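Please treat every number below as a calculation from the coordinates, not as lab data. Note that this is a predicted model, so its numbers are computed, not measured. Here the Cβ positions follow ideal geometry from the backbone for every residue, glycine too, while neighbour counts run over all protein chains shown.
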Amino acid sequence: MVFASDTAEALEAAVRLANSELEPDTLTTLEELEAFFDEFEYTGSRPTSRDLQPVRSIRHQLHVMFTATRDGAVPLVNAILQQQVAVPQLVRHGDVDWHIHATTDDRPLAERILVETAMAMVDVVRADEMSRFDRCASDDCEGVVFDLSRNRSRKYCSTTCTNRAAVAAYRARQADAD
Ligand SMILES: [Zn+2]
Ligand SMILES: [Zn+2]
């Protein structure tokens, strides 16, 4: 395993969040925010309509952080940890074994996501694993690919992009055959 499971999960969630900003925007309602919250099993207070705009507005910041170089990511990560006054604590809850929380459950969701992502990025930078992040291989897609697979086989940010590439490859083969 490249990273501890809480690090990997935090990054999967934050990459999904960053990519939700791509057209068509898939985070425009409280229902969509709740679905995101539930899918990634966030702890703490459930999102309300007041969380929607703040969570939407951190997506670009996350995107910039994931597409930065290693040295470029460092000041972005440090700025979040400093601004949010992150205090790492080992916690255990539900059936999740000891892991780190660096903010408290009563903070707004957008702040919790920022801190959780920044803490995960600490591991990425220390392990020199920024190459796990890449730009989606699909033409005209700004999506972020986060690849934890051993053979680094992920090329596309979403099933939409994977399918679109498969269709394009199929058409290209058909055109060659004609
Ligand atoms: Zn936790
Ligand atoms: Zn894509």
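How far is helix 159-177 tilted off the main Cα axis of the chain, in degrees rounded to 10, range 0 to 90?
Value to nearest ten degrees: 10.
For region 5-177, restrict the atom set to alpha-carbon positions and state the Rg and Dmax in Å.
Reported Rg and Dmax, both Å: 17.3, 61.
Please list the three semi-axes, largest first and in whole Å, of the ellipsoid equivalent to region 125-178, using sqrt of 5 times the eigenvalues of its alpha carbon gyration tensor.
With the √(5λ) rule applied to region 125-178, the semi-axes are 28, 11, 8 Å.
Near Asn19, within a Cβ-to-Cβ distance under 12 Å, what is the net charge of the other residues, with Lys and Arg +1 and Asp and Glu -1?
Here the count lands on -2.
Taking K and R as +1 and D and E as -1, what net charge do the other residues with C-beta under 13 Å from the C-beta of Asn163 add up to?
For residues surrounding Asn163, the net value is +3.
Taking the convex hull of the Cα atoms, report for region 1-69 its projected area averaged over all directions, in nm².
Taking a quarter of the hull surface, the average projection is 5.3 nm².
Once the piece of chain linking Ala166 and Thr28 is laid out straight, how much longer is it, given 0.36 nm per residue of separation minus the C-alpha distance between them?
Value of the extension gain: 46.8 nm.
Enter the angle in degrees (range 0 to 90, nearest 10) between the Cα long axis of helix 70-83 and the first principal axis of the Cα atoms of the chain, meaning the one along which they spread out most.
The answer is roughly 30 degrees.
Once Rh is set to the Kirkwood radius over Cα pairs, what Stokes-Einstein translational diffusion coefficient, in µm²/s, holds for region 68-138 at a temperature of 20 °C and a viscosity of 1.002 mPa s?
For the chosen part, D equals 161 µm²/s.
To test your reading of the geometry: what angle, between 0 and 90 degrees and rounded to tens, separates the Cα axis of helix 30-39 from the longest principal axis of the chain?
Its long axis makes an angle of about 90 degrees.
Label-point separation (nm) for Thr104 and Asn151, each offset 7 Å from Cα along Cα-to-Cβ?
4.9 nm
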